[in-house]
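Here the structure is laid out as structure tokens; the discussion comes afterwards.
The values are calculated or read from the model by the stated rules, or taken from the named source; none is laboratory data. Computed from a predicted model, the values in this text were never measured in an experiment. All Cβ positions, even for glycine, are placed from backbone atoms using ideal geometry, and neighbour counts span all protein chains on display. With ligands, DNA and RNA removed, areas are computed over all heavy atoms of the protein, side chains included. Shrake-Rupley method; radii C 1.70, N 1.55, O 1.52, S 1.80 Å.
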Amino acid sequence: QVQLAESGGGLVQPGGSLRLSCAASGRPFSVYAMGWFRQTPGKEREFVASISWSTGSTLYANSVKGRFTISRDKAKNTVYLQMDSLKPEDTAVYYCAGRRTYSGVTASAAYDYWGQGTQVTVSS
């Protein structure tokens, strides 16, 4: 099975920055895109950003557009999420995910593989 491992979460002050990493390992698989989601207690998992593995095309949620940047290193089989100008409302558990197919939607149900999550807390 494919394994996804997130790292880089932690505590940061409002206006600060964090960079999350997601390294993939395990049995090889064909990937269409990698994405980042986040979730807080009582809320559904929310789409944050995604990147096409082959072309590098990116997509962002309106709430993070202009502040977050998703990127990938194909040689390292790793995807990153650079988070700048962080706000308290960005506090959540952030999950890395991979999808094998295109369906035209960003919903979490479209993704096939998930990491364990990493906590991001934005607080003074």
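Is there a quick way to get the dipole size of the chain? I mean about its Cα centre, with the Cβ of Lys and Arg at +1 and of Asp and Glu at -1; what is the value in debye to the nearest 20?
Dipole about the Cα centre, nearest 20: 240 debye.
Provide SER108, SER54 ordered by accessible surface of protein heavy atoms (probe 1.4 Å), highest first. It would help to have the intermediate numbers written out before the result.
Details: SER108 40, SER54 85 Å².
Largest to smallest exposure gives the sequence SER54, SER108.
Total Lys pairs in the range 1-116 closer than 24 Å by alpha-carbon, pairs eight or more apart in sequence or interchain only?
4
Dipole magnitude of the range 59-112 about its Cα centre, charges +1 at Lys/Arg Cβ and -1 at Asp/Glu Cβ only, in debye to the nearest 20? It would help to have the intermediate numbers written out before the result.
Values: 8 positive and 5 negative charges, 45 e Å.
My answer is approximately 220 debye.
Using Cα-Cα distances under 8 Å and only pairs 6 or more residues apart, what relative contact order does the chain have, in percent?
Working: 301 pairs, mean separation 44.7, N = 124.
With pairs under 8 Å counted, the relative contact order is 36 percent.
Give a residue-ordered list of calculated ³J(HN,Hα) values for the range 55-67 (Karplus: 6.51 cos²θ - 1.76 cosθ + 1.60, θ = phi - 60°; whole Hz; x for Gly, Pro).
Here the 3J(HN,Hα) series is 9, x, 4, 10, 9, 10, 5, 4, 5, 10, 4, x, 10 Hz.
Which Cα, out of GLY56, GLY10, PHE37, lies furthest along the positive dipole direction of the chain (beta carbon charges, K/R +1, D/E -1)?
The residue sitting most towards the positive pole is GLY56.
Give me the 1.4 Å probe accessible area per residue for the chain, excluding ligands and nucleic acids, in Å². Display every interim value, and only then the final one.
Values: 6610 Å² over 124 residues.
That works out to 53 Å² for each residue.
When all protein chains stay in place, what accessible area (Å², nearest 10, 1.4 Å probe) is found for THR91?
40
With a sphere of radius 14 Å drawn around the Cβ of GLY35, what net charge do the other residues whose Cβ falls strictly inside it have (Lys, Arg +1; Asp, Glu -1)?
Counting the neighbours of GLY35, the net charge comes to +2.
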